[in-house]
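Report on the following structure.
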């Protein structure tokens, strides 16, 4: 299956957005507009967290970091290691940084990140989770950049009754 890079980026960013909303963040903006640095994929999701404990923000940030790669893997049907795709470098770095806030020791990182990845995959692969991702991807493909209110309108039906990941 051949997937357009613009579409791949939209699903990737949608994964970040859906996880952020599900875990209580406000979406400052999400964008799939090219950054002008060449033909590679680019996207951005900026979130703002309400006051929470360091552990809560750490776990939520870990899940949001993984949401993009996981949504992309589900969309394309390709299962890859987080370190295998160069475009996921920033996501990987953010996941490790978030996991470091939660881990007592660096040796715990692979298990912590792996467990979070499993939780994120289960949620995004659920009927409501995937419908929310598709709704945000469609919104991004239509408008390139979206903000919190637009995202809430797009996913409200799908995420309204869902429980939190974890």
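The values are calculated or read from the model by the stated rules, or taken from the named source; none is laboratory data. Remember, predicted model here, so these are calculated numbers, not experimental data. Reconstructed Cβ throughout: ideal geometry from the backbone, glycine too, with neighbour counts over all protein chains shown.
Taking the criterion of being at pLDDT below 90 and in a helix (DSSP H, G or I), would at least one residue in the range 57-77 satisfy it? Break it down stepwise before answering.
Just the residues of the range 57-77 that are at pLDDT below 90, to begin with: none.
No, the conditions are met nowhere in the range 57-77.
Conditions (1) part of a helix (DSSP H, G or I); (2) surrounded by fewer than 20 Cβ atoms within 10 Å (Cβ to Cβ); (3) in contact (Cβ under 8 Å) with a residue 60 or more places away in the chain; (4) under 15 Å from the mean Cα position of the chain (by Cα), marked per residue:
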{"site": "97", "(1), (2), (3), (4)": "yes, yes, no, no"}
{"site": "118", "(1), (2), (3), (4)": "yes, yes, no, yes"}
{"site": "123", "(1), (2), (3), (4)": "yes, no, yes, yes"}
{"site": "134", "(1), (2), (3), (4)": "yes, yes, yes, yes"}
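With respect to residue 130, is the statement that it is surrounded by 13 or more Cβ atoms within 10 Å (Cβ to Cβ), in a helix (DSSP H, G or I) and modelled with pLDDT under 95 true? Spelling it out, it is not the case that residue 130 is surrounded by 13 or more Cβ atoms within 10 Å (Cβ to Cβ), in a helix (DSSP H, G or I) and modelled with pLDDT under 95.
Can you find a residue that is touching a helix residue (DSSP H, G or I) at 6+ places or on another chain (Cβ under 6 Å) and over 19 Å from residue 147 (Cα atoms) anywhere in the range 24-42? If you could, list the steps in order and put the result at the bottom.
At the first step, the residues of the range 24-42 found to be touching a helix residue (DSSP H, G or I) at 6+ places or on another chain (Cβ under 6 Å) are 26-27, 30, 32, 41.
Pick out the ones that are also over 19 Å from residue 147 (Cα atoms) and you get 41.
Among the residues of the range 24-42, at least one is touching a helix residue (DSSP H, G or I) at 6+ places or on another chain (Cβ under 6 Å) and over 19 Å from residue 147 (Cα atoms), which makes the answer yes.
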